[in-house]
Amino acid sequence: MINQDVYNELLEKYKAHFGKAPVVVSYAPGRIEVLGNHTDYNEGYVFSAAINYGTFFAISRNDDGVNRIVAGDLMHEVTFPLVDAKPVSKDTWANYVIGTVAGLNAIKPQDTGFDAMFLGNVPMGFGLSSSAALEMCTAKAVAQLFTIDADNVTLAKIGQAAERDYAGCPCGLLDQISSLCGAEGMLVKTDFRSLEIETVDMGPSVCFLMCNPHAKHALVDGQYASRRKACEDAAAYFASVLPHPVAALRDVTMAEWEAHKNGLDPIVANRAAHPIGEDERVLLGAELLNKGDLDGFGKLLFDSHESSRTMFENSCEELDNVVAVTKTIPGILGARLSGGGFGGSVVVLVKADAAADAAKAIAENYKANTGKDCEVSMIQPSIGASIVYTA
Ligand code: GLA
């Protein structure tokens, strides 16, 4: 089993804390975003992957009429009611669980309380969606224990609503879909309008690195929401000037953007160019992968970062410095920021046989250029969320 050591530790801690064994254990991984930045809520396309780090969630029923959730790393317990559970302002990690459980209860109310504990190894602060991993392992386990019938898209939407209503971030569906639908060695290509999901094999010749220069940025959620608003305003403008329906920026081409951008506030126009260009890059990237052109695919990652840096302005100096460093290292095919931006990490596409040397070189060159540390992790596209144990 993937991350067996984390699973074993969780079972031990669960038994010690609750004095019984769990009845269900689920697993859900974090994700990397490979191409297609801020396209999910613009109804566009994304290449992502579930990663080889994730979170396990162990659960059984209780007779106490309350839900108990323990963070296995802190060994700290939070209780919340079965009905009408509100977000908490202390121990805010619990909100991802409380919000997800509330979404499932709206489909079918729990008939008893539960005792649950989670433990994971998704590196924190890397922008690898540890919160989506927690939501999706919660969703899988609670749905299994209380026989709540919900498909992956429904579970993803429940996680998205938990982020919005319990954690305060108006995110799209990317993180949850990637965690649920990943597969060993595969990229996940998602159309966020039709929610059609396919897996694409990149073959064994390449893998990914995640580079975290520990960029600290304030106002992350406010920035995300303001970019989302600019995209929605731009979509409304294009709907008013184009001769065909525009429900979202997905319906606008770069050629149309070029022809009509002058009618928009210049900043809003730049914001809109990013997801529009990203959609075109994902579609081109799919063709290149089909032909086995990994060099061409990698170049699209560099183009994507450049668009983030100059048009969407969701990069920052640290991430730009990492990407600049990657351009000088042999075996690296492409690099870009991954996820929301304004900090977080850079995802690097690298030839598998050069990955270890490239990881070392990134950290060394970044230190030489900036005097600061950049943490580099190897990432393998891996299996998506599942139930790993039932009694
Ligand atoms: C965050 C959000 C996702 C998506 C990415 C940017 O990860 O949670 O929904 O919008 O940013 O592509």
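The values are calculated or read from the model by the stated rules, or taken from the named source; none is laboratory data. Note that the structure is predicted; figures quoted are calculated from it, not measured. With ideal geometry, Cβ positions are generated from the backbone for all residues, glycine too; neighbour counts draw on all protein chains shown. Accessible surface is based on the protein model in full, side chains and every heavy atom, while ligands, DNA and RNA are left aside. Shrake-Rupley method; radii C 1.70, N 1.55, O 1.52, S 1.80 Å.
Computed values, structure above
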item	result
Matching entry among 385, 358, 324, 363 (being closer than 30 Å to residue 138 by Cβ and either within 17 Å of the chain's Cα centre (by Cα) or open to solvent by less than 60 Å² (accessible area, probe 1.4 Å) (or both))	385
Test set (1) open to solvent by less than 50 Å² (accessible area, probe 1.4 Å); (2) more than 17 Å from residue 167 (Cβ to Cβ) - residue 83 fails condition number	(1)
Which listed residue, of 335, 368, is of a type in the set (A, V, I, L, M) and buried (at least 23 other Cβ atoms within 10 Å of the Cβ)	335
Flag if residue 331 is in contact with a Phe, Trp or Tyr (Cβ under 9 Å, 6 or more places away or on another chain) and more than 30 Å from residue 147 (Cβ to Cβ)	no
Selection within region 209-219 - more than 15 Å from the chain's Cα centre (by Cα) and either at negative phi or of a type in the set (A, V, I, L, M, F, W, C) (or both)	209, 211, 212, 213, 215, 216, 217, 218, 219
Listing of strands (runs of 3 or more DSSP E) fully contained in region 170-248 that carry 1 or more residues being open to solvent by less than 20 Å² (accessible area, probe 1.4 Å)	186-191, 206-212
Failed item in (1) more than 11 Å from the ligand (Cβ to nearest atom); (2) farther than 22 Å from residue 7 by Cα; (3) crowded, with 21+ Cβ neighbours inside 10 Å, with residue 116 passing the rest	(2)
Extreme residue, surrounded by the most Cβ atoms within 10 Å (Cβ to Cβ), among residues of region 1-39 that are under 15 Å from residue 75 (Cα atoms) and among the aliphatic types (A, V, I, L, M)	10
Hey, residue 162 buried (at least 24 other Cβ atoms within 10 Å of the Cβ), touching a residue at least 24 places away in the same chain (Cβ under 8 Å) and within 14 Å of the ligand (Cβ to nearest atom) or not	yes
Yes/no for residue 51 being in a strand (DSSP E or B) and within 16 Å of the ligand (Cβ to nearest atom)	yes
